[in-house]
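What follows draws every value from the coordinates through simple rules; no lab data is involved. Everything numeric in this text was worked out from a predicted model, so none of it was measured. Backbone-built Cβ (ideal geometry, glycine too); neighbour counts: all protein chains shown.
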Amino acid sequence: MNAVPQKLRERLTARREVLAALVEGREERVLVELMRRVDDAIGAMEVGTWGTCSVCREAVSGDQLASNPLLSVCLDCLGPEGRRALERDLEGAARVQRALLPESRITQNGWDVAYLWEPKGPVSGDHVDLIRGGPAQDALHLLLGDVAGKGVSASFLQAHLHALFRALAPASLPLAELVAKANGLFAEATLASKYATLAALRLHPGGLAELVNAGHPRPLLADARGVRPVEGGGLPLGMFPEAAFEPRALHLLPGQTLLLYTDGWTEGAKEDEEFGIGRAAATLRKAARLPLPDLLGACREALEGFLAGTPRGDDLTLVALRRVA
């Protein structure tokens, strides 16, 4: 049996009150059915059976409950029609998530930015976004995040991150304050066990790139001297609502390239050996002068070559930016 997080119980109770107000005086079947399911879940919490499959009596997995606290049947006990309905839901969720992605390549005010986004399954917990405008209308916000966990629950939180930064980016906030504000809101809306790493950049004309790193893997900077990691970082988002973040200023010269990535790249493994930061840096060193889409392809191919047929264990997202003027 799964323990009931107090915060989840409070949220379900609050949502039940909202549903009750909607259902009152109305006969919509969907609302009535949803309210019945919420009542069933709250009742199961009260008697201690929440999180137990009503068919096999085994515990429903924590990941499934995190994405849908109203579940009363585990995946193994779903019938053929239930599985087909779940597949349709996943396909719909994947279409929605892909629709949230930005253009795959943007050139703006001397910056060339491109990304590669490949979920392990139908949906991804990796977050990538490019947001035009901001405190200076010619600034470009670049965001790369990775929600802890996999599958549907991680994709829900990824969509939440997308909405948060889309709402906050146009405000006249310094980058570190913007990330701190998003962190507080994210922490309020997620369970204590959930968090996300994030690299947030604000790109200005003239080569200035402000960077705030919230627990994310260190970006790699490629220039005439070789490849080196960009040091610095803070706590992941969602761990502590009052966390503060430190910005770092990078001044890129024409031709310099910065590569950001999720840990699905460097932590891709076969037989307990990881691809690793050394191979990652060597790959970037060889590909640093390629057009950005080709550079990203070379990074992906290097990982696939290393894995030699071993399936990837995580989502993969790579983002490259280059000063071109």
Using DSSP to call loops (not H, G, I, E or B), can you name the chymotrypsin sites (Phe, Trp or Tyr not before Pro) in region 188-264 whose Cβ has at most 15 other Cβ atoms within 10 angstrom? none
Would you order Leu203, Leu253, Leu292 from fewest to most other beta-carbon atoms within 10 Å of each residue's own beta-carbon? Leu253, Leu292, Leu203
Provide the gained length on full extension for the span Phe240 to Asp138, in nm with one decimal, where the gain is 0.36 nm per separating residue minus the Cα-Cα distance. 33.5 nm
Suppose each label sits 7 Å from its Cα in the direction of the beta carbon; what would the Gln6-Cys56 distance come out to in nanometres? 3.3
Determine the dipole magnitude for region 97-323: charges of +1 sit on the beta-carbon of Lys and Arg, -1 on that of Asp and Glu, nothing else is charged, the reference point is the Cα centre, and the result goes in debye to the nearest 20. 500
Efficiency of FRET from Cβ geometry, Arg300 and Arg95, R₀ 25 Å, rounded to 0.05: 0.60
With R₀ set to 25 angstrom, the calculated FRET efficiency between the beta-carbons of Leu191 and Ala269, to the nearest 0.05, is 0.35
When a footprinting reagent is the concern and you count Cβ atoms within 10 Å, what order do Leu258, Leu208, Leu237 take, fewest first? Leu208, Leu258, Leu237
Can you give the local net charge around Ala169? Use residues other than it whose beta-carbon is closer than 11 angstrom to its beta-carbon, Lys and Arg +1, Asp and Glu -1. +3
Sequence of Lys286, Lys194 once ranked by neighbouring C-beta atoms within 10 Å, starting from the fewest: Lys286, Lys194
